[in-house]
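Can you keep this structure in mind? I'll have questions shortly.
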Amino acid sequence: MATENAAVRKYLTELIGTFMFTFSVIGILASGVECKAAISLGIGIALMVMVYASGHISGGHLNPSVSIAAYLRGALPLGDLGPYIVAQLVGALAAFGVGFGLWHDKYFGDATNLSGKIWPAFLAELIFTFALCYIVLHTATSKDSAGNSFYGLAIGLIVTVGVVAVGGISGASFNPAITFGLMLPGMFAWKFLWVYLLAEVLGAVIAAYAYKATTLDETTPTRRG
């Protein structure tokens, strides 16, 4: 029973954390703010604080790509991988639903259009999903960095950098749950779903094996997940 309760707490934490992160992203994009610095900082800070809030319970993944990378690295049991991803997607769905009550007039407008730049967008999503997952694995799952207090800051900042660097190319998702959460209100176009998912999953896989190639403790499970 205690084990079951611990698992439920982890899944619920992932759901709540992904809900708050996705809700924040939708709100920032729906607000009409045009300053790229404000948008990127807002998104990066939202992720950072939710990672800190949930890291000690679930590992603070809030992202199916991170969960995939953590599983491949050996920091997340296979039995948790599916429930983590489901919880994250449900959190994104809930963010869309609650956000409708606040920003419905901003929903279903002009979607991010990747026409003519599908492969640049694919590469942008792959590189920064890789960077995000690689940083998570090194700062939040390695025994060499266990007990540090900077992991959330590092994770939030790489997303901030990514939004500035490639937001104008791909929309800067780096997260299948965020992709899902932004496609529901029409901020991303469904016809480009494959671009995001393929790039984000591939980025996670490459990050996991890059971590293993550069770290001596690749079989040591995370203390946070």
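From the set of residues in segment 119-146 that are of a type in the set (A, V, I, L, M) and open to solvent by 50 Å² or more (accessible area, probe 1.4 Å), which is farthest from Tyr71 (Cα to Cα)? Can you show your working first?
Our first condition is that a residue be of a type in the set (A, V, I, L, M); within segment 119-146, this holds for 121, 123-124, 126-127, 131-132, 135-137, 140, 146.
Imposing the further condition that a residue be open to solvent by 50 Å² or more (accessible area, probe 1.4 Å) reduces the set to 123, 127, 146.
Working: Leu123: 23, Ile127: 19, Ala146: 18 Å.
Per the stated criteria, the residue is Leu123.
If I ask for residues that are in contact with a helix residue (DSSP H, G or I) (Cβ under 6 Å, 6 or more places away or on another chain) and either surrounded by fewer than 16 Cβ atoms within 10 Å (Cβ to Cβ) or not in a helix (DSSP H, G or I) (or both), which ones from segment 64-82 would you list?
Within segment 64-82, just Leu76 meets the criteria.
Considering segment 121-162 alone, what residues qualify as being within 11 Å of Val51 (Cβ to Cβ) and of a type in the set (Lys, Arg)?
Scanning segment 121-162 gives no hits.
Taking segment 147-168, which residues are of a type in the set (Gly, Ala, Ser), open to solvent by 20 Å² or more (accessible area, probe 1.4 Å) and in a helix (DSSP H, G or I)?
Ala154, Ala165, Gly167, Gly168
Output yes when any residue across segment 14-28 is more than 14 Å from Asn63 (Cβ to Cβ), in a helix (DSSP H, G or I) and modelled with pLDDT under 95, and no when none is.
No - not one qualifying residue is present in segment 14-28.
Restricting the first residue to segment 117-144 and requiring it to be farther than 18 Å from Ala213 by Cβ, which pairs with a second residue that is small (Gly, Ala, Ser) and buried (at least 18 other Cβ atoms within 10 Å of the Cβ) meet a Cβ separation below 6 Å and a spacing of at least six or different chains?
Between residues of segment 117-144 that are farther than 18 Å from Ala213 by Cβ and residues that are small (Gly, Ala, Ser) and buried (at least 18 other Cβ atoms within 10 Å of the Cβ), the close pairs are Ala121/Ser170; Phe122/Ala199; Ala124/Ser170; Glu125/Ser170; Glu125/Ala199; Phe128/Gly162.
The values are calculated or read from the model by the stated rules, or taken from the named source; none is laboratory data. In this text the structure is predicted, and so the values were computed from the model without any measurement. Because the Cβ atoms are built from the backbone with ideal geometry, glycine has one as well, and the counts that use them run over all protein chains shown. Quick note on the areas: whole protein, heavy atoms, side chains included, nothing else; ligands and nucleic acids left out. Shrake-Rupley method; radii C 1.70, N 1.55, O 1.52, S 1.80 Å.
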